[in-house]
Structures are given as C-alpha cells and as structure tokens.
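The values are calculated or read from the model by the stated rules, or taken from the named source; none is laboratory data. Since we're looking at a predicted model, the values are computed, not measured. Backbone-built Cβ (ideal geometry, glycine too); neighbour counts: all protein chains shown. Accessible surface areas use protein heavy atoms only, side chains included; no ligands, DNA or RNA. Shrake-Rupley method; radii C 1.70, N 1.55, O 1.52, S 1.80 Å.
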Amino acid sequence: GIFVLGLPYALLHSGYSGLFLIIVAAVLCCYTGKILIACLYEENEDGQLIRVRDTYEDIANACCKKLFPRLGGIVVNVTQMMELIMTCILYLVVSGNLLSHSFPSIPVTEKTWSVIAFVTLLPCVFIKTLKIVSKLSQLCSLVHFIIILVVMTYCLTQTHRWSWAKFRLSIEFEDFLVSVGVIIFSYTSQVFLPTLEGNMKNPEEFRCMLNWTHFFACVLKSAFALSTFLTWGEETKEVVTDNLPSFLQALVNLCLLTKALLSYPLPFFAATEIAFACISRGNHPHYRSPLFALSVRGSLLLLTLLMAVFVPHFALLMGLTGSVTGAAMTFLLPSLFHLKLKWKKLTFLEKCADISVFILGFLCSLAGIFCSIKGLLEIFG
C-alpha cells in the first residue's frame with residue numbers, strides 16, 4: 001500500500017533496527033492472520049476441521065456468547081467500519097494532495113482536487129461483488145509495481161552515492177515509535193482475511209498463500225526501503241517520491257493518484273458489506289430493494305468526501321484512530337480470540353506466543369495514541 005512509500009523515512013528515524021522491524025512485522029502479521037482464520041474453524045466428531053464461522057464478527061460473538069452475545073460483534077463492526085472509512089478518506093485526501101502537486105499552475109485548492117477525484121469514484125456505488133473489486137485491486141498492484149520499479153531503477157543509477165554510514169546507531173524514542181507505526185501498519189490486512197479465505201477456490205492453501213505473500217512483501221519492502229534510504233540519507237522525505245527529480249516525480253505522482261483511486265473500492269466494498277449485514281440482521285423491510293442498497297452505498301461514499309473536505313487535521317485524527325483500530329484488528333483481537341476459542345488445544349508455546357503478541361499490540365496502541373495526542377495538542381495549543 002501507500003505506507004510503503006514512508007518506509008525509507010521510517011529507516012531514517014529507526015536506523016538498523018528499522019530493517020529488523022520490517023522482518024519482525026511481516027512474521028507477526030502473518031502469524032495473526034493465520035490464528036484469526038483458525039478461529040473460523042472447529043473440529044467435528046471425526047476430527048475434521050469445519051468452517052463454522054464466516055466473519056470477524058462471528059468470531060467475536062462466539063467469544064462473548066456466554067456473557068454478552070452481541071457485544072463482541074458490535075465492537076468488531078464499529079472498529080472495522082472506523083478503520084475502513086478512515087482508509088477511504090485517506091485515499092481521497094492523498095488524491096487531492098497528489099493532484100495539487102501534479103498541476104501546481106492550476107489555481108485550485110487541495111480540497112477542490114479531492115472533490116474532483118471523488119467524482120471519478122462515483123461508479124463505486126454500483127459495485128456488488130468481490131470479483132469487480134479483485135480486478136481493480138489487480139490493476140492497483142500493477143501500478144504499485146510500476147512505482148516501485150521506477151523509484152528503485154533511479155536509485156540503482158545512484159549507487160555511487162550509497163553509504164552505510166547514513167544509518168543511525170542512536171535513535172530518539174518518539175521518532176522510533178513513529179517508525180514502528182509506519183512499518184507495522186504497512187502489513188495490515190486482517191480486516192479482509194475472513195472474506196478472502198472464504199472466497200478462495202482452495203481454502204486449504206490459505207496458510208501457504210499467506211506465508212509466500214508476506215515473504216515477498218518483506219523482501220520487496222526491505223529492498224525498496226534500503227535502496228532509497230542509501231540514495232538520499234538524511235534528505236529522505238516523508239513520502240520518498242518527493243525526493244525524485246521533477247521529470248520523474250510528475251510521472252510517479254500520476255501513478256500514485258491512479259493507485260489511490262484504484263485502492264478505494266476495496267475498503268469501500270468491505271464497509272458497505274458490513275453495513276448491509278447489520279441492516280439485514282434487523283430484518284429491514286427494504287433491505288433487498290436495489291434503490292435502498294444504492295442509497296446506502298451513496299451515503300457512505302458521500303460521508304468519506306465530507307470528512308476529507310471538512311475535518312481539520314485529518315491526518316493526525318486518522319493516526320489517533322488508526323493507533324486504536326489498527327492495533328486492535330491486527331494484534332489485540334486475533335490473539336485474544338485465539339486464546340479464548342482454542343485455549344484447551346493450544347500448546348504452552350502457542351499460548352506464550354499469543355500472549356506476547358497481545359502485549360506487543362497493546363504497547364503499540366498506547367505508543368501511537370501518545371504520539372497522535374501530542375501532535376494534536378501541539379497544533380491546538
């Protein structure tokens with residue numbers, strides 16, 4: 001995702017430990033993805049694994065069914081919706097920013113550019129199946145690889161500037177926390193995994209798929225972050241494409257804009273599916289009406305635009321929200337649910353692993369909240 005473009009900046013503030021974090025984050029996110037999917041299954045009388053749950057919400061309800069049957073599902077749905085809507089808004093904000101930088105001669109504000117980008121996303125209200133989203137996501141991945149290829153090719157032409165002396169040995173705690181957030185959340189995908197696994201032709205290959213995707217993501221991110229940081233060193237900017245010479249920057253910005261717009265449908269589709277699931281549970285009489293479905297999608301689409309345009313300091317607010325929802329969905333809840341549902345069948349080492357991941361997620365969440373609130377206080381203070 002777009003977080004990858006912030007990895008070189010994360011290395012600037014984390015030094016050698018940043019490279020180690022890229023590997024550790026891949027291992028942890030791969031692990032929590034596996035244990036989350038494991039919570040969808042139970043053994044039958046013959047010892048065979050049967051998928052008895054379909055969604056993240058079902059897992060949460062199963063964990064809370066004795067005391068509060070619906071509470072777990074409500075918490076998960078609210079958390080998922082917040083994260084997905086925030087992600088959609090981020091893509092609109094990024095699109096406005098990229099358009100304003102790509103066409104600086106046109107006297108139009110970033111917010112107006114965000115509205116223009118929003119117009120191109122209006123067809124999202126007609127997306128009904130994951131197949132369409134998957135096609136758009138494939139195009140998004142292709143554009144992403146083009147961006148990585150262009151940046152890395154340029155960096156390889158600058159190898160004469162490379163020096164390992166650019167890596168920092170001493171790091172500041174707050175800067176390190178920011179780096180941890182960028183690196184960890186560049187891997188997060190747990191929100192989509194239950195739906196993804198449920199739509200696979202061969203679900204038994206899920207674990208293998210997760211291993212390989214995280215392995216290749218780790219290799220690609222490490223190579224990208226390392227080559228770009230060695231090229232620009234202390235001059236590395238928050239979004240590394242801003243370091244490129246002007247003739248390449250315009251091309252990459254347009255690719256990034258395309259990527260942002262193609263990335264939007266996936267979280268938007270996931271958010272609408274959650275909304276429809278909640279509405280259908282209440283036996284809404286108009287749920288199956290095409291006009292009603294269109295109005296729900298349209299309302300969510302409009303909500304993302306209004307927040308992108310009218311909410312001040314959205315980036316910091318998103319950081320605060322992401323620190324809670326991102327850490328919860330990626331580390332806290334998968335490990336907690338796995339311990340709750342599989343406690344009797346887990347080995348001692350597996351229990352220790354889940355508890356360690358839970359503690360790590362809690363600390364990451366606290367650190368992110370601390371940094372985001374401090375940033376907000378500095379602005380409003």
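In this structure, Val219 and Ser163 have a Cβ-Cβ separation that, at R0 = 25 Å, corresponds to a calculated FRET efficiency of about 0.65. Averaging the sequence gap over all C-alpha pairs within less than 8 Å and six or more residues apart, then dividing by the number of residues, gives the chain a relative contact order of 33 percent. Subtracting the Cα-Cα distance of Val150 and Leu306 from their residue separation scaled by 0.36 nm leaves 52.8 nm. Taking Asn253, Asn97, Asn199 as the candidate residues, the one with maximal mean-square fluctuation in a Gaussian network model of the chain, Cα springs under 10 Å, is Asn199. Modelled label positions at Ser246 and Phe362, each set 7 Å beyond Cα in the direction of Cβ, lie 5.4 nm from each other. For the chain, which DSSP H helices look membrane-span-like by this rule: Cα extent along the axis of 15 Å or more and mean Kyte-Doolittle of at least 1.0? What comes out of the filter, once short or polar helices are dropped, is 16-38, 71-102, 130-156, 173-184, 246-263, 265-281, 290-310, 314-327, 348-380. Within the assembled protein chains, the solvent-accessible surface assigned to Cys64 is about 40 Å², based on a 1.4 Å probe. I'd like the GluC sites (Glu not before Pro) in the range 162-250 restricted to DSSP loop residues with at most 15 other Cβ atoms within 10 Å, sorted by number. Listed in order of number, the matching sites are Glu172, Glu238. Measuring nothing but protein heavy atoms, the accessible surface of the range 48-194 at 1.4 Å probe radius is 70 percent carbon and sulfur. With the helix formula -39500 (n - 2.57) applied to DSSP H stretches of n ≥ 4, the chain reaches a computed 222 nm mean residue ellipticity of -24000 deg cm²/dmol.
Between the beta carbons of Thr347 and Thr112, assuming R0 = 35 Å, the FRET efficiency works out to 0.05 to the nearest 0.05. Extension gain, Leu291 to Leu254: 0.36 nm times the residue separation minus the Cα-Cα distance gives 9.8 nm. Efficiency by 1/(1 + (r/R0)^6): what FRET value for Lys128 and Val24, r their Cβ-Cβ distance, R0 = 22 Å, to the nearest 0.05? Using R0 = 22 Å, I get an efficiency of 0.05.
When the listed pairs Lys34/Lys66; Lys65/Lys340; Lys111/Lys135 are checked against a 19 Å cut-off, the alpha-carbon distance exceeds it for Lys34/Lys66; Lys111/Lys135.
In the list (1) 37; (2) 56; (3) 45, the label attached to percent of Cα pairs over 29 Å apart as derived from the coordinates here is (3).
To the nearest 10, the accessible area of Val119 is 90 Å² with a 1.4 Å probe.
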